[in-house]
Amino acid sequence: MLEKALRGGKWYWGWVFFLFTLIGIGFISYLHQFKYGLGITGMSRDVSWGLYIGQFTFLVGVAASAVVIVLPYYLHNYKVFGRITLLGEFLAVASVTMCMLFIFVDMGQPMRILNVFLYPTPSSVMFWDAIVLSGYLFLNLLVGWTVLGAERKGISPPGWIKPFIILAIAWAPSIHIVTAFLYQGLPGRHLWLTAVMAARFLASAFSSGPALIIILAMIVRKFTKFDPGREAIQALGRIITYFMIVNVLLFAFELFTAFYSKIPGHMHPFQYLYGGLYGYGKLLVPMWISIILAVVALILLINPNTRRNETTLAIAALATFFSLWVDKGFGLVVGGFIPNPFEKITEYWPTLPESLIALGIWAGGFLILTVLYKIAITVKEETA
Amino acid sequence: MGISRREFLKVAGLSAIAGVGGSWVLSIPAKRDAEAYEFLRHPKALTAKKWGMVVDLRRFKTQEDYRKVIEACHNIHNVPQFDNPKHEIKWIWTDTFKHAFPGQEHKYIMEKLEHKPFLLLCNHCENPPCVRVCPTKATFKSKDGGIIMQDPHRCIGCRFCMAGCPYGARSFNWRDPRPFVKKINPGYPLRTIGVVEKCTFCEERLARGLIPACVEASNGGLIFGDLGDPDSEVRTALRANYTIRRKSELGTEPSVFYIIEI
C-alpha cells in the first residue's frame, strides 16, 4: 500500500519537501547537540527537563486520544466514527513516534538508551512508560494497517484483529496514566505531587487530541475527495467540550487546594507561572495566552450555536489545542522545577537549536502522518 | 555416490545451526560477569551497616574552613568548575539555613543561624527516590553500607533522578567536563558528557581503608561512621546533640544530620 504515498500533486510534494527541510534543519541541530551536549539547550541543573520532555508529555496525550474515536465505534457501534477511526489510529502512530524521538533527543547518552531494556527496572515508571509506549505504537500500526488493507480489498477486517482492537482501547489510557505517574510520584516537587495529575492528563488529552483530529479532518476534506462527515466532526466537538470543561475544573481544583490551604510549597509554582515569584516571571506571557485561549475555547464550545458552526468550531479546536500545548507541553514541566529544592529560582527558556530540534521532530511526525493519511485517503477514494 | 543439492543444503543448514547454537551454549559460563561481591576486599577496607554523617557547624568558623572541605572533595573527584551557573556541578557546597531547610525558617530567627553557611551534600537516604526512579539501575544502593552509588557508564542521562531527588544533590554533565577540570587526578575516573554525578561518600576511599576526603579535611567538623553501630562516633554525636535532617517529612530517611547549636 505504501506506493500510494508516492503519487501526489504539486501541493502534496510541496508539503513533503517543506517537512523534509524542517527535518533536515532539526537533524543538523541535533548533530550539534550530540557533539556539544545538552548544554546547548536552555535546561540547567535546576530546570533539568524542558521543552523536549514537555512535548513528549503533551504528545502522549494526543496519541492516547485516538481512543475517544475507536471506543465509541467498536464498543458502542457508533457508525458515524467509522470513517475517521483510521485518522485517529494513524495520528496515534505519528504521535507515539514523536514521543519516542523527543525522549531520544533528551537523553544525555542516547547510544545507551537500550539499557532501559538490558537492565529492566520495574520500580522505575520510565521503564513502564517505555513498555506501554512501544506496545501502543505496535497495536495502532497493526490495527490501522490491517483494517485499511481489508478496506482496500473491499472485505471486512479479519476476525483475529478484534482482540487487538479491544486491547488497544484498554491500552490507550494506560500510556497517559503511566506518563502522569512519571511526575505525580516524586516527593519533592509540589506542582506534580497531586493525585489528580493522571485524571487531568486524561482530560486534557481527550480534549487536545480530538481538537487536532477536527482540524485534520477539515484539512483532509478541503484537499481530498474524502469527507469524514459533518456529524463525526460535530460529535468530536461535543467530546472536546466535555473534556475541556473537566480539564479546566481539575485545574481550578488544584488552585483551590493550593491557595485555600495557603501552604507555600503548593502555591509557589502557581504563583511563578501565573503571577511571577520573587521578581521572576519569564513564563507569564505564554501561561496567560494559554488561559485566554482556554476561555475562548470554552465560550465557543459551550455555546451550541458556535459549536455547530464549523468556522467557530475550527477556531475553538485550534484554541483548545494551543492552550493545552502551552500548558502541558511547556508550563507543567518547567513549573515543576520552579522554585528548586532550595526555594530558589532558576528560569528556563528554550534556545534556538533546542527549538529547531523540537520543530524537526514535529515535522517528522507530520511526515509520518501525511504518508499514512495519504495512503488511507487514497484507499478510501478508490473504494468509495 | 553423489549428494543431491537438497541434501547438501540440509546438512549444511543443520551444521550451521549446531555450530551457532553450540558456541552459544559454550559461551554462557565465559560471558557471565563477575559480581561486585566476588572481588576480594582490601584488608583495610572500612565497612558499615549504614554509613552516616553528622555535620557539626560549631567547628566551621571561617570561610577557609568550608573551602578546605569543598576543595578536598572536588579536587580528588575531578569535579569541573563551569563559568555558567546553569551547568554547575557540585558534590558538596554551602547554602544558608533558609535554603538548606526551606519551611523551617522564620522572621525572627537568630541572626547567627540566619547567616551561617550549611554544608550540603547527597543525603544517602535509606529510602532514596533517585534509586526508585532510575530506569537502568545506574544509581543504586550499595549492599555494603547503604551508599547511594552512581554508575557513570550505565547512566543514560535521562535525569529522572534529578527530578526525583528532593535535595538538589545531583548534577548533570551538560557539556564535556574535561576542559573545566583544573588539575586532573588520574586516580579517579573523569565523567563524560551526558551523565549524572554526585557525592558517593568516597566509596573508593572507604574500600581502601580511608575516611571520606571531606571528613579528613574538616578538622572534626564532619563526623562520619556507622549508623548501625551504637558505639560509633556518629551515634555518640547523635546521642549527645540535638540534630535535624533536611526534609525528613518526605520519608526518605536521610543519613546526614545537622547539629543545631552554634
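Descriptive notes on the structure:
- Note on A:LEU75 and A:ILE245: with the Förster distance fixed at 35 Å, the Cβ-Cβ geometry gives a FRET efficiency of about 0.90.
- Placing pseudo-labels 7 Å out from each Cα toward the beta carbon at A:LEU255 and A:LEU118 gives an inter-label distance of 4.8 nm.
- Cα gyration tensor category, rounded, prolate or oblate, for the protein assembly as shown with a/c compared to 1.5: oblate
- Cross-link partners of B:LYS137 among aspartates and glutamates (Cα-Cα below 13 Å; sequence separation of 8 or more within a chain): B:ASP151
- Working from label points 7 Å from Cα in the Cα-to-Cβ sense, the B:ASP231 to A:THR21 distance is 7.9 nm.
- Crossing angle, helix A:264-274 versus chain A [Cα axis fit, 0-90 degrees, rounded to tens]: 60
- One Cα centroid belongs to the stretch A:194-225, the other to the stretch A:95-169; the line between them spans 19 Å.
- With Cα atoms defining each centre, the stretch B:144-212 and the stretch A:236-256 are spaced 43 Å apart in the structure.
- Estimated 222 nm signal from helices in chain A, with DSSP H stretches of n ≥ 4 weighted -39500 (n - 2.57), rounded to 500: -24500 deg cm²/dmol
- Rounded to 10°, Cα long-axis angle of helix A:196-223 versus longest principal axis of chain A: 40
- Shielding by partners, peptide B:132-143 (average Cβ within 10 angstrom, other chains): 5
- Two-site FRET efficiency, A:ARG230 against B:LEU250, from Cβ-Cβ distance with R₀ of 60 Å, rounded to 0.05: 0.65
- Derived scalar couplings between HN and Hα for the stretch B:193-209 equal 4, x, 10, 8, 8, 5, 4, 10, 6, 6, 3, 5, 7, 4, 5, 9, x Hz in order, rounded to whole Hz, by the Karplus curve 6.51 cos²θ - 1.76 cosθ + 1.60 (θ = phi - 60°), x for Gly and Pro.
- Shielding value for A:120-129 is 5, the average number of Cβ atoms from other chains within 10 Å of each residue's Cβ.
- Annotation for the stretch A:269-371: chymotrypsin sites (Phe, Trp or Tyr not before Pro) lying in DSSP loop with at most 15 further Cβ atoms inside 10 Å of their Cβ are A:TYR278.
- Proximal lysines relative to B:LYS141, as straight alpha-carbon distance under 19 Å, when same-chain residues fewer than 8 apart are discounted: B:LYS49, B:LYS50, B:LYS198
- In loop segments of the stretch B:168-262 as defined by DSSP, the GluC sites (Glu not before Pro) with at most 13 further C-beta atoms inside 10 Å of their C-beta are B:GLU261.
- Ranked list, fewest to most other Cβ atoms within 10 Å of each Cβ, for A:MET218, A:MET98, A:MET126: A:MET218, A:MET126, A:MET98
- When you filter the chymotrypsin sites (Phe, Trp or Tyr not before Pro) in the stretch B:78-184 for DSSP loop state and at most 14 other Cβ atoms inside 10 Å of their Cβ, you are left with B:TYR108.
- Convex hull of alpha carbon positions in chain A: directionally averaged projected area 19.4 nm².
- Charge context of B:VAL131, other residues only, Cβ under 9 angstrom, K/R +1, D/E -1: +3
- Rounded to 0.05, the FRET efficiency of the B:ILE184 and A:TYR280 pair, given R0 = 56 Å and the Cβ-Cβ distance, is 0.90.
- Phi-based couplings in Hz for the stretch A:49-59 (Karplus 6.51, -1.76, 1.60; Gly and Pro marked x): 10, x, 4, 4, 5, x, 5, 4, 4, 4, 6
- Counts of other chain beta carbons within 10 angstrom of each beta carbon in peptide A:364-377 average 0.
- Under 20 Å from the Cα of B:LYS116 - lysines, other chains or at least 8 residues apart: A:LYS344, B:LYS61, B:LYS68, B:LYS90, B:LYS98, B:LYS107, B:LYS247
- Angle in degrees between helix A:310-326 and the longest Cα principal axis of chain A, rounded to the nearest 10: 40
- Of A:VAL379, A:VAL143, the sequence from fewest to most neighbouring Cβ atoms within 10 angstrom is A:VAL379, A:VAL143.
- Ratio Rg/Rh, restricted to the stretch B:46-259 and using Cα atoms, in which Rh is the Kirkwood radius: 0.94
Laboratory data are not the source of any read-out in this text; all were calculated from the coordinates shown. Just so we're clear, the structure is a prediction, and the values are computed from it rather than from any experiment. All Cβ positions, glycine included, derive from the backbone under ideal geometry; neighbour counts span all protein chains shown.
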